[in-house]
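The values are calculated or read from the model by the stated rules, or taken from the named source; none is laboratory data. As the structure is a computational prediction, the values presented were derived from the model and not from experiment. Note: ideal-geometry Cβ built from the backbone for every residue, glycine included; neighbour counts use all protein chains shown. Keep in mind that these areas ignore ligands, DNA and RNA; they rest on the heavy atoms of the full protein, side chains included. Shrake-Rupley method; radii C 1.70, N 1.55, O 1.52, S 1.80 Å.
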Amino acid sequence: MKKYGVALIGCGQMGAVHLEQIYYKQNVSIRCVCDHDRSRAEDFARRFHAERVETDADACIQRDDVDVVIIATYPSSHLPLLKCCIQNHKHVICEKPIASTKEDGEEFIRLIKEHPECKVLVGLILRHNETYRKVAQMIQEGAIGSPIVMRMSQNHHTKNWGRYLSLIQETSPIIDCGVHYLDVMRWVTGAEITSVNGVSARTEMDVPEGHYNYGMITVTLSDGSVGFYEAGWSNTLSSENFKEFSGPRGTIRIVFAKDRHTHQEEGDLIEYYQYPEQEYHMINLDSCRKPTHLQFDYLVKMIEENAPAFPSVDDVEKSFYWTMQADQIIAPKKNVF
Ligand SMILES: NC(=O)c1ccc[n+]([C@@H]2O[C@H](COP(=O)([O-])OP(=O)(O)OC[C@H]3O[C@@H](n4cnc5c(N)ncnc54)[C@H](O)[C@@H]3O)[C@@H](O)[C@H]2O)c1
């Protein structure tokens with residue numbers, strides 16, 4: 001079995017989710033952890049038995065004993081880090097969104113296409129989540145008929161407002177996770193997005209001008225399906241996370257373990273209402289919310305078996321493009337009279 005030398009750039013929240021689920025794997029050696037903040041990298045080195053600590057990402061990527069680089073930094077750094085990985089012939093798992101501007105995103109996609117020798121998997125993690133995979137399969141097999149209505153909400157009530165304020169300078173609430181959910185809309189329907197629209201609001205006084213902390217976008221697809229995605233970060237909105245798919249033959253709703261008072265041990269459940277039978281079914285897949293280990297296994301499949309990327313580069317490009325379009329439409333305009 002080949003052992004992969006892994007480097008992690010970005011020892012924050014998502015970096016931990018990556019390493020927690022792969023550091024013990026037989027085919028993984030954590031060679032290097034890197035963060036601008038040395039104390040964070042040192043903490044990760046202790047937790048995940050990394051061999052080396054770096055504060056300079058390029059030095060980490062250039063190491064000969066590194067085969068795979070996991071990029072878990074903010075979006076504006078993804079493109080320069082990807083460039084360095086490609087120059088040094090490394091395979092990559094890069095967190096979404098791929099970039100913080102449309103132009104950088106386009107270059108990111110172009111580089112992946114021009115360098116098939118470097119396998120790049122973008123962290124649209126729901127593609128590897130068993131619950132979403134089951135939902136996609138059920139919808140594609142006609143469980144709820146077509147066209148469908150997709151209702152998706154992801155609001156964060158925060159007690160750590162400072163973190164969200166700095167994130168807002170980099171990316172908007174709609175772009176941050178919208179790339180996941182616009183991808184889900186295309187994936188489950190197998191249809192193309194044909195238009196987006198929406199609204200935004202700036203309900204916190206310290207959100208900089210030109211930015212917003214609440215957005216709601218509407219999406220239409222080529223098969224007649226429609227959807228909305230709502231995302232807000234604020235001190236006052238209620239936290240909410242619902243994902244529902246309804247069609248002429250039924251409804252599928254994901255019932256998240258953290259939102260239930262009972263059966264917590266069951267993981268996320270799929271509630272399936274079948275019409276006209278008027279029957280309810282509960283499906284339990286004991287799913288892991290962010291299965292970064294399965295994502296890593298898939299990258300290995302791309303390296304060893306030349307498997308195509310999942311999601312494909314085309315999928316990544318389209319969800320990014322439409323999310324950026326929506327963001328551009330709803331972002332508050334300066335000096336509009
Ligand atoms: N897939 C998901 O479900 C999911 C969930 C949360 C976050 N994310 C994504 O993961 C990425 C990171 O988000 P996070 O919440 O972990 O952020 P975070 O602030 O918790 O961590 C980012 C870390 O990267 C470090 N860093 C930034 N730029 C660096 C650089 N050039 N070199 C070295 N270190 C650098 C920072 O010091 C920080 O410690 C973002 O793109 C975010 O959208 C994905």
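For this structure, a couple of remarks:
- Given (1) more than 30 Å from LYS301 (Cβ to Cβ); (2) touching a Leu at 6+ places or on another chain (Cβ under 7 Å); (3) open to solvent by less than 20 Å² (accessible area, probe 1.4 Å), number of the condition HIS157 does not satisfy: (3)
- From the options GLY5, GLY10, residue that is within 25 Å of the chain's Cα centre (by Cα) and within 11 Å of the ligand (Cβ to nearest atom): GLY10
- Test: residue in region 106-120 that is within 16 Å of the ligand (Cβ to nearest atom), in contact (Cβ under 8 Å) with a residue 40 or more places away in the chain, crowded, with 22+ Cβ neighbours inside 10 Å and within 18 Å of PRO308 (Cα to Cα): yes
- Those residues of region 212-236 which are in a loop (DSSP other than H, G, I, E, B), surrounded by fewer than 17 Cβ atoms within 10 Å (Cβ to Cβ) and not charged (D, E, K, R), in sequence order: SER222, GLY224, ASN235, THR236
- Test for ASP268: is it surrounded by 17 or more Cβ atoms within 10 Å (Cβ to Cβ) and among the charged types (D, E, K, R): yes
Table: residues versus (1) more than 14 Å from HIS180 (Cα to Cα); (2) not in a helix (DSSP H, G or I).
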{"site": "PRO80", "(1), (2)": "yes, no"}
{"site": "LYS83", "(1), (2)": "yes, no"}
{"site": "ILE86", "(1), (2)": "yes, no"}
{"site": "ILE93", "(1), (2)": "yes, yes"}
{"site": "PRO97", "(1), (2)": "no, yes"}
{"site": "SER100", "(1), (2)": "yes, yes"}
{"site": "LEU126", "(1), (2)": "no, no"}
{"site": "ALA136", "(1), (2)": "no, no"}
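- Any hit, region 55-73, residues being within 11 Å of the ligand (Cβ to nearest atom), among the acidic types (Asp, Glu) and without any contact (Cβ under 8 Å) to a residue 60 or more places away in the chain: yes
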